[in-house]
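Enquirer: Supplied in structure tokens, the structure appears directly below.
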Amino acid sequence: MIEHHLPILLIAIPLMAAPCCVLIHSRRLTQLLALLVCWLCFGISVWLMTKVMHEGAVTYNLGGWEAPYGIVYVVDYLSAFVMLFVSALAAIVLTYSPTSVQAEIPESKQYLFYATYLLCLTGLLGICITGDLFNVFVFLEISSLSTYALISLGRTRRAPLAAFQYLIMGTIGATFILIGIGLLYQMTGTLNMADMAEQLEAVRAVDGETWAGSRTMLVAFAFMTVGLSIKMAVFPLHSWLPNAYTYAPSVVTCFIAATATKVSVYVFIRVVYEIFTPTFAFNILPLDSALMAFSLIGIFVASLAAIYQTNIKRLLAYSSIAQIGYMLLGISMANTAGLTAGIVHMFNHALIKGGLFMVVGCLILRLGSAKLEDLRGAGKTMPWTSFAWVLGGLGLIGVPLTAGFVSKWLLLTAAIDSQHWWVATLMLLSSLLALVYVWRVVETLYFAEPSERAAAAKEAPPLMLVTTYLVVGASIVFGIWTEFSAGVAFETAQHLLGVTQ
Amino acid sequence: MSNDLLQLAMTAEQFKGLYNYWIVIFLMMTGFFIVISRKNMIKTVIGLNIFQTSVFLLYITMGKVNNGTAPILRPEDAHHDDHSHDHADEADHASQIFLDQIADHTPAQNVSAGSEPAIALEALAETGTNDVIYSNPLPSVLMLTAIVVGIATTALALALIVRIREDYGTIEEDEILILDRES
Amino acid sequence: MTPEMMIQLGMGLPLLAMALVGLMGSRPNIREACTLVTSSILFYVTCNLATLVFSGQRPEWNLGEMIPGFEIAFRVEPLGMLFALVASGLWILTTIYAIGYMRGHHEKHQTRFFACFAIAIFAAMAAAFSANLFTLFVAYEAMTISTYPLVTHHGDLKARNGGRVYLGILLSTSVAFFMLAIAWTWSVCGTLDFREGGILGLAHAEGKISDTQLGVLLGLFAFGIGKAALMPFHRWLPAAMVAPTPVSALLHAVAVVKVGVFTVLKVSVYIFGIDLMSQTGISDWLCYVAGATILLASLVAMTKDNLKARLAYSTVSQLAYITLGAALATDVSVIGGGMHIAMHAVGKITLFFCAGAIYVAAHKTDISDMRGLGRAMPLTFGAFFIASLSIIGVPPGGGAWSKWLLALGTVESGKLALMAALMISSLLNIAYLMPIPIRGFMTPPGEKPKSFKEAPMMCVVPLCITAIGSVALFFVAEQIYEWLLPITWEG
């Protein structure tokens, strides 16, 4: 009985737990509750993933109302996959968090932190699970609003400012999406994504070629694309991201960097591939060339910017913008191989970037700073933490036997297979920039005379190290054993493209 | 003159018929302009609100059917022989009828109506089983949610502004930038 | 032992060594014993495997797909076997030498040193056994990363800068060119397996790839395999000389650089195919680039006063011999190239051992300071002299045979200019190597005679063994020739 309701419980449990956190108010208890809820969500996600792998997509009608009238929750390969790593990272980051939270967030506000964290998780999972487009907007706003709040918890006075700037950008993006949804609704009279796709397909069948001429569709598509691009932080709409990641508390950065942008990419894939269909987006409209151009420019600009950063949080933030470019590069190829690469990179990058930000969290805890100059020589006093950076960094560069290599290789073969020679070459060259910015930090950690702070520092607490190594280790495991990640991504890609054939 | 341009040109009648959309566009642009041009944070938030409001209007506009009333089913409108059903059942049935209407409202007709799909709805409603014309309630309902989201956003934004003012002593972004650069 | 098990052991043992070294970090004697024991077993295993392979068997082991469509698989053929044999055999000697050197020098972080060393050997074995280009690439990159801590062992500014050039060039070339070349090959052929006769030949016959494209592809491979140190991507090799001498010895005379040229040979024999290269003439330009590298590097070597730097440039030059062998694309030249891997490895490691021994005993790095040192260290300088003969290519050094085969190759393909280059290079070799032992033995000590002694036994014994080895190779060259013969006429 309860099994049947698991899809809704995945959303309901964290949603309900969040106000409970506020009511409980005690730091220790809220922490325990949040931890429990996160791991529970992870458990449910694992269960859903296995169910999808064995029995195919799971649908759940909310309140018993059938689609397309009621809201349905749909768990298919793509959503189960994204939910899996979102909930996994949420749980691991929260396990990692207590010491760091204690150091960075005032004790009186910690229960609020946990409550908002759970809300954010709710939003992210909700976006993935729902089959209703308006619901996507609502969950998107739940996650965004809680993200703004979480960012503003940062220690410096720049944190609220970064949060405010993100809020303005984010709300514009969300409103754009809302306009897009409205126009789509106007066209189809439905909000259910599957139904919407069917209706549009039917229109195309009737109108044939002239279908692309529908101005409402074009406008809806434009609004959705731009809105989602803001949320994904696609160059040149990325300006909110560096500040937000830099000034947020370390734990928050770990969480949102690993999950938030990926979930937006997920929505983008859904919208482009399931609703508008690749034929419309890539054949009739030149979204693929546009996306490719922006991704490549973004990759180079952001990677170059990352090279010149003196704050490693900011460095990683710029690197995130570049990495989003790789995901979109794969998605824009509009073939199975490219899409597989894009989806795998969502997963791999979540692990790699999550792990790296966790390393940064450890460093900040012990050194009290994320500035490169204060990091000098920390490799001597914090060997384990520093080595975790090396491992994660290798993943970011895409060295074989790390997860980053898997995505890079898939993307490369996809690009070459579809005759995108320039993309392949530029992509490889750009990954060398990652080498530069990662190694700059490695050299600072290992080859410089210790700074005062680094000399006085001691190794990060065991729990933080263990969890960091769990994530970094996973990024290596999934670089060697790719049957699951690449397999699921391949299934998804086939499904997404098969629908439209 | 090419065909496309002929299609693009619209008569004064059509222009007037779309007046609510013009309002939406005007509000949207106004709001958007304020957001990107004003450096005072409060004004930015006001702009954001106007921007969001325009979207509310957009949705409500699309839900409105010419001469339609609020979608509440009165007992005398439901042509049922059997009146022994209790009220709840009737309401259930009514909503089913309404949903059927929406479902019947096929996209083919929809697109033929061009950018004014509400007309299609209207035609449908007239040929339906009922004589009464209802407006589509769903967009309005959606907007209730969106308004709540908007309020939450505004509240959060204002709260952040309060904190920024406490920390910096100003809410002008330019001045804050200068302060940040100095520190 | 089944052949499959031998392959597993061949790669498993170095990993085991690494784990043991890591565990025994606090007890140096046990730690070193672990390395020695495992390396000895490894050599035994590779010898056993070699008897199988050279008698015509091709043991295989399939690990499974790492990325859908791309397998990690191993298949041992003569070229790889020879390389594995050389690497595993010299690992034992280098370990003994490293113990003497590191302790004699009181180096820090010895555990890390020996552990990384073991990983590098693992990567070398994996590369040697690889059955397809993908596996080879993974091993190649693993080696780059695992040797970085060795190169930067001292952890100072000099080490950092050396490491920067090392990692920068090796990773850049492999990512920007090598990886692209592999993906291109894959998209043209649909496979990356090493097959007798090459896989591109078929694709070329079917018109999937034109002559020009083949040339470009070859260029991507040749420059992408940065470890082959073809000019202008050779700078990493001199830069890596900041490493402790045992590292320079094993990694930059044997494992790392030889993985590079080994890959070049593998690619030309099993991916392009000798026939395809000689018919289309796509590798002609590569011959001249290799020839130019041979001469230029030799000339640069002459200007270096630092012994290790001179040896490094000498290595660059010698590696180009092997690339030349591959590029000439005749039967003898390819075998000559393969043979030169072994000959040069044994010779060059001796020279590096000597350089290290001189440093340990007398703290001298510059050649100009080595006057009369030979009188105090006769064994070391004697070994240096013998190994120099092998590098120059004069009997009774093993290098004589491989150079002879390469020269035959140039004649066979009618490129007499390259023949001349080889001859001139040999003269240059004499000019930059011979002064060192001559100065050591003949000239009287410049400064007032100090009581220099030979380096510790642990250092001297290995270098004597390798010196003897380089002479011994002269007499078993025919055997090696026969071992390698199958790579040219199979398929």
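Enquirer: I want to check the label-to-label distance for B:TYR21 and B:ASP174. Put each point 7 Å from Cα in the C-beta direction and report it in nm to one decimal.
Expert: Label-label distance for B:TYR21 and B:ASP174, simple model: 3.9 nm.
Enquirer: Next question. Just to be sure I understand the interface: list residues from region A:132-155 that lose 50 Å² or more of accessible area between the chain on its own and the complete protein assembly, 1.4 Å probe.
Expert: A:PHE134, A:LEU145
Enquirer: How many Cβ atoms of partner chains, on average, are near each residue of A:476-487 if near means within 10 Å of its Cβ?
Expert: Mean shielding count: 2.
Enquirer: Holding the Cα-Cα limit at 31 Å, pick out from C:LYS108/C:LYS403; C:LYS158/C:LYS415; A:LYS109/A:LYS380; A:LYS262/C:LYS227; A:LYS262/C:LYS266; A:LYS109/A:LYS458 the pairs that are longer than that.
Expert: Result: C:LYS108/C:LYS403; C:LYS158/C:LYS415; A:LYS109/A:LYS380; A:LYS262/C:LYS227; A:LYS262/C:LYS266 exceed 31 Å.
Enquirer: Separate question: Can you give the accessible area per residue of chain A, in Å², using a 1.4 Å probe?
Expert: 30
Enquirer: How far is helix C:331-362 tilted off the main Cα axis of chain C, in degrees rounded to 10, range 0 to 90?
Expert: For C:331-362 against chain C, the angle is about 20 degrees.
Enquirer: Could you tell me the total accessible area buried at the A-C interface, probe 1.4 Å, in square angstrom to the nearest hundred?
Expert: 2600
Enquirer: Still on this structure, I have one more. In degrees, nearest 10, range 0 to 90: what is the angle between the Cα axis of helix C:78-105 and the longest Cα principal axis of chain C?
Expert: It is inclined by approximately 20 degrees.
Enquirer: Can you list the residues in region C:51-71 whose accessible area drops by at least 30 Å² when all protein chains are present, compared with the chain alone? Use a 1.4 Å probe, heavy atoms only.
Expert: C:MET66, C:ILE67, C:PRO68, C:PHE70
Enquirer: Then there is this: Mind checking the dipole of region A:299-501: about its Cα centre, +1 per Lys or Arg Cβ, -1 per Asp or Glu Cβ, Debye to the nearest 20?
Expert: Roughly 440 debye, rounded to the nearest 20.
Enquirer: A further question on this structure: About the Cα centre of the protein assembly as shown, how large is the charge dipole given +1 on each Lys and Arg Cβ and -1 on each Asp and Glu Cβ? Please answer in debye to the nearest 20.
Expert: 6600
Enquirer: At the nearest 100 Å², what buried accessible area, both sides summed, do you get for B and A when the probe is 1.4 Å?
Expert: 4000
Enquirer: Right, another one. Show me B:14-21, A:94-101, A:402-409 ranked by packing, highest mean number of other Cβ atoms within 10 Å first.
Expert: A:402-409, A:94-101, B:14-21
Enquirer: Follow-up question, since we're still on this one. Give, rounded to the nearest 20 debye, the magnitude of the charge dipole that region C:283-491 has about its Cα centre when Lys and Arg contribute +1 at Cβ and Asp and Glu contribute -1 at Cβ.
Expert: 960
Enquirer: How much accessible area per residue does region C:283-491 have, in Å², with a 1.4 Å probe?
Expert: Heavy-atom SASA per residue in region C:283-491 reads 36 Å².
Enquirer: Ranked highest first by the average count of other Cβ atoms within 10 Å around their residues, in what order do A:113-122, A:469-478 fall?
Expert: Listed from highest to lowest mean packing, they are A:113-122, A:469-478.
Enquirer: Another one. Work out the FRET efficiency for A:GLU373 and B:ARG163 from their Cβ-Cβ distance, taking R0 = 22 Å, and round it to the nearest 0.05.
Expert: Working from the Cβ atoms, E equals 0.15.
Enquirer: Also, quick follow-up: If you roll a 1.4 angstrom probe over the protein chains with everything in place, what fraction of the accessible area of region A:410-501 belongs to carbon and sulfur, to the nearest %?
Expert: Here carbon and sulfur together make up 66 percent of the probe-accessible area.
Enquirer: Counting each DSSP H run of 4 or more residues in chain C as -39500 (n - 2.57), what helix-only mean residue ellipticity at 222 nm follows after dividing by all residues, to the nearest 500 deg cm²/dmol?
Expert: Rounded to the nearest 500, the figure is -24000 deg cm²/dmol.
Enquirer: Follow-up question, since we're still on this one. Starting from the amide H of C:GLU65, placed 1.01 Å from N in the peptide plane, find each other amide H under 5 Å away whose residue is 5 or more places distant or on another chain.
Expert: Close amide H contacts, sequence-distant or interchain: C:ILE72.
Enquirer: Considering only A:LEU9, A:HIS495, C:ILE430, whose Cα is most displaced toward the positive end of the charge dipole of the protein assembly as shown, charges sitting on Cβ of Lys, Arg (+1) and Asp, Glu (-1)?
Expert: Of A:LEU9, A:HIS495, C:ILE430, it is C:ILE430.
Enquirer: Using mean Cβ contacts within 10 Å as the protection proxy, how do C:45-53, A:438-446, A:241-249, A:50-58 order, highest first?
Expert: Ranking, from highest mean packing down: A:241-249, A:438-446, C:45-53, A:50-58.
The values are calculated or read from the model by the stated rules, or taken from the named source; none is laboratory data. Since this is a predicted model, take the numbers as computed values, not measurements. Cβ: placed from backbone, ideal geometry, glycine included. Neighbour counts: every protein chain shown. Areas reflect the complete protein model, heavy atoms only, side chains present, ligands, DNA and RNA absent. Shrake-Rupley method; radii C 1.70, N 1.55, O 1.52, S 1.80 Å.
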